[in-house]
Amino acid sequence: MKKISTSILKSTNWLLTGLLALLGFSSCDQVSTDMYGTPHSKFTIKGKATNEGNSPIPQIQIRSPYGEDIPHADTLYTDSKGEFNYSFNGFFRSDNIPLLLTDIDGEQNGGSYAPDSVSVSFKDVDVTGGDGGWYLGEATKEITIVLKEKKEEIKK
């Protein structure tokens, strides 16, 4: 076998290094704007709590157990018309959002009502007003929740 001289090996190494450097720099000339974040929307649940006679119930506590999944998952209370408004920003919701309703003041709001829970789905709701980027827009869901009177326990 012929012995390859070191000068030919050095020349080949320099040639390959130069070629790879040119290829590497040529791929960097198309720098695009990086976008950070994730697509998000503003979700609003407009609701009303009524009794079985369709009268509004004030001071019903409304909570969502999604503390980490929904930022700022505050406890809400229905107003004097039995209405509440629950808004949050987050990722697109394909699952149900549970709401837990509790009568915290007993007879003061016109009766004593049993706790209840509902699931609100944004799966088929139109999202409107997006900016064409990461903000997809707003979605609103309106619900009415009928609470049943708490039955008195019979003591034995």
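Anything over 27 Å Cα to Cα? Flag those among Lys81/Lys141; Lys123/Lys151; Lys123/Lys150, in the order listed.
Working: Lys81/Lys141 18 Å; Lys123/Lys151 35 Å; Lys123/Lys150 32 Å.
Going by Cα-Cα distance, Lys123/Lys151; Lys123/Lys150 fall outside the 27 Å limit.
Amide H neighbours of Ile143 under 5 Å, counting only residues 5+ apart in sequence or on other chains, H built in-plane at 1.01 Å?
Correct list: Lys46, Gly47, Lys48.
Ranked highest first by average number of other Cβ atoms within 10 Å, how do 5-11, 127-133 line up? Don't skip to the answer; put the middle values down first.
Numbers: 5-11: 9.3, 127-133: 11.1.
Going by the mean number of other Cβ atoms within 10 Å, highest first, we get 127-133, 5-11.
Read-outs: derived from the displayed coordinates by stated rules, not from any lab. Because the structure is a prediction, the values reported are computed rather than measured. When we count neighbours, we look across all protein chains shown, and the Cβ atoms used for this are built from the backbone with ideal geometry, even at glycine.
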